[in-house]
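Visitor: Before we start, here is the structure in question, set down as structure tokens.
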Amino acid sequence: MNEFIKYVGMDVHKETIAVAVAPSGGGEVRYVGEIANTPQAIEKLVKQLCKDKADLKFCYEAGPCGYGIHRQLTDFGWACQVVAPSLIPKKAGDRVKTDRRDSLSLARLHRAGELTAVWVPDGAQEALRDLTRAREDMKHLQRQAKQRLLAFLLRHGRSYDGKSNWTQAHYRWFEEVKFAQPVQQIVFQEYVDMVKAMDKRIDALDKQISTAASESVFWETIQALMALRGVSLLTATTIVAEIGDLKRFASAPQLMAYLGVVPSEHSSGGKKSRGGITKTGNGHVRRVLVEAAWTYRHPARKTATLQRRAEKTPEAIQEIAWTAQKRMCGRYKLLEGRGKLKVQVCTAIARELTGFIWAIGQTMAQPANKT
């Protein structure tokens, strides 16, 4: 390998990329200029930078432009890091931010080894992630549609007196609701149709997720995670789609910190101060873990559904899942008995659940890409 290395920092935007280069050996960081954000312009840049036979090491911040640049550069044979923006060191007193300064800073920090890279999924894994996030977005739209429908009925004094909303009985009640004004009847029907349309879209995405998960390289890991209480197919698929290979984390606390379920801390001298969880890292996984934690408020029990899921996994996975359930169900009651708020209890359980997920991940074989 050539000893002369050029560390290339790129400040990427939708239409342009600001480029700076830091040579190895502590030379001055040089601003190259601004290029178009197109594959052709990037290829031309690479050819210009490697004219002197230097090894190139690229970096840019993770953002809305995705991983296309990373894949193009790695296909060329060059190293490229996609950097976590929240972990980039910044000077407290620096109040000037421009594309030029950002690219120079990235190149300088990349040379110094001060940047933290994010995990970059391959095409198939990114597609699975897009699918689970689309389902999450659709669920959000469904909640909004339902809230608007109920708000409209409340404004006009219509109230359902059944046991619970959004059941078959509730939908049949909608068919009996009438308004004196024809226009209001039309508005009401449009709201109802929107809710039903969201239901159909979510059902369609659930089926697609089931198919995609079974064809994924992580299918064995997904099945193993489903042996845990509260971890459905959707939850397990979300976890592996967002995290990828669980073996890349050296310890359970490292995974917990990555998901932001560890306490924040501001300690100085002899004073120790801890607050709520950091909420850094991947919020999609953190959300499904907290939802799964609610199921541990019930006593430990191998239900028929859990048993059927567990039977599809090795004995070691079943042992971890049962140990996890016994511990976390007892832990839930213990924390609740101490007067902790339910949301605090669930957060604590979600943190422990993360540890058991990591343990299951360590027992799985390295996933191999399917062709």
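Visitor: Between S159, S103, S86, which is among the hydroxyl-bearing types (S, T, Y) and within 17 Å of the chain's Cα centre (by Cα)?
Guide: S86
Visitor: Same structure again: Kindly evaluate F179 against the criterion of being surrounded by 14 or more Cβ atoms within 10 Å (Cβ to Cβ), assigned to a helix (DSSP H, G or I) and not assigned by TED's automatic domain parsing to the domain that holds G355.
Guide: no
Visitor: Shifting gears a bit: Select from the stretch 206-225 the residues that are more than 19 Å from the chain's Cα centre (by Cα) and of a type in the set (S, T, Y) and list them in ascending order.
Guide: T211, S214, listed by residue number.
Visitor: Now for a different question. Give the residues of the stretch 211-224 that are part of a helix (DSSP H, G or I) and exposed (fewer than 13 other Cβ atoms within 10 Å of the Cβ), sorted by residue number.
Guide: Those that are part of a helix (DSSP H, G or I) and exposed (fewer than 13 other Cβ atoms within 10 Å of the Cβ): T211, S214.
Visitor: Can you tell which of S164, S216, S210 is in contact with a Pro (Cβ under 9 Å, 6 or more places away or on another chain) and closer than 30 Å to H284 by Cα?
Guide: Result: S216 is the single residue among S164, S216, S210 that is in contact with a Pro (Cβ under 9 Å, 6 or more places away or on another chain) and closer than 30 Å to H284 by Cα.
Visitor: Taking the residues in the stretch 225-236 that are of a type outside the set (V, I, T) and outside any loop (DSSP other than H, G, I, E, B) as candidates, determine which candidate is surrounded by the fewest Cβ atoms within 10 Å (Cβ to Cβ).
Guide: So in the stretch 225-236, the residues of a type outside the set (V, I, T) come out as 225-230, 232-234, 236.
Next, from what is left, pick out any that are outside any loop (DSSP other than H, G, I, E, B): 225, 233-234, 236.
On the way: L225: 28, L233: 17, L234: 19, A236: 25.
Checking each candidate, the answer is L233.
Visitor: For residues in the stretch 163-176 being of a type outside the set (V, I, T) and outside any helix (DSSP H, G or I), which is surrounded by the fewest Cβ atoms within 10 Å (Cβ to Cβ)?
Guide: Here the residue is E176.
Visitor: Where the second residue is surrounded by 13 or more Cβ atoms within 10 Å (Cβ to Cβ) and of a type in the set (F, W, Y) and the first is closer than 16 Å to Y191 by Cβ and lies in the stretch 164-180, which pairs have Cβ atoms under 8 Å and are six or more apart or on separate chains?
Guide: From the stretch 164-180, the pairs are H170/Y160; W173/Y160; V177/F188; F179/F188.
Visitor: Any residue at all in the stretch 144-151 that's hydrophobic (A, V, I, L, M, F, W, C), loosely packed, with under 15 Cβ neighbours inside 10 Å and either out of contact with any strand residue (DSSP E or B) (no Cβ under 6 Å at 6 or more places or on another chain) or outside the structural domain of A197 (by TED's automatic domain parsing) (or both)?
Guide: yes
Visitor: Do you know which residues across the stretch 312-327 are within 18 Å of M256 (Cα to Cα) and without any contact (Cβ under 8 Å) to a residue 40 or more places away in the chain?
Guide: Answer for the stretch 312-327, where residues must be within 18 Å of M256 (Cα to Cα) and without any contact (Cβ under 8 Å) to a residue 40 or more places away in the chain: just R327.
Visitor: Looking at Y191, Y160, which one is surrounded by 14 or more Cβ atoms within 10 Å (Cβ to Cβ) and outside any loop (DSSP other than H, G, I, E, B)?
Guide: Y191
The values are calculated or read from the model by the stated rules, or taken from the named source; none is laboratory data. These figures come from a predicted structure and were not determined experimentally. Cβ atoms come from the backbone with ideal geometry, glycine included; neighbour counts cover every protein chain shown.
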